[in-house]
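Input: a single structure, listed below in structure tokens.
What follows draws every value from the coordinates through simple rules; no lab data is involved. None of the values given here were measured: they were computed from a predicted structure. Backbone-built Cβ (ideal geometry, glycine too); neighbour counts: all protein chains shown.
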Amino acid sequence: MPTAILGSHRASGRSITEQFHAFDANNAHVYGALERMAARRLAAGATRVSLKDLFEDLRRQLPHGVVGLNNNYTALYARRMIGEHPHWAGAFELRRRAA
């Protein structure tokens, strides 16, 4: 089977984590926007926050979307938010990473 079918995230030769770090380095405004959105929801009384929902809201807010904003990055952004805001840990559901 071609590599792209077995693991499309590996088609470029880079792992999802490597792709995420490259995207994040070039799009720091994305994390800032997601962080502000999460903070607003929590301040409004939400007890759970979905990064996938935040991604979709961000896509709607930006007129042309964000090129390269991959749904595979949601867990990595959630882990980053918890790392920077440990008091938010209960708001995000995380699963064990395979790799």
Any idea what the relative contact order of the range 15-91 is, in percent, if you count C-alpha pairs under 8 Å spaced at least 6 apart? 35 percent
Cα-based convex hull, the range 15-91, per residue volume (Å³, whole number): 85 Å³
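In a shell of Cβ-Cβ distance under 12 Å around Leu42, excluding Leu42 itself, what net charge do Lys and Arg (+1) and Asp and Glu (-1) give?
Details: positive: Arg36, Arg40, Arg41, Arg48; negative: Glu35.
Around Leu42, the surrounding residues sum to +3.
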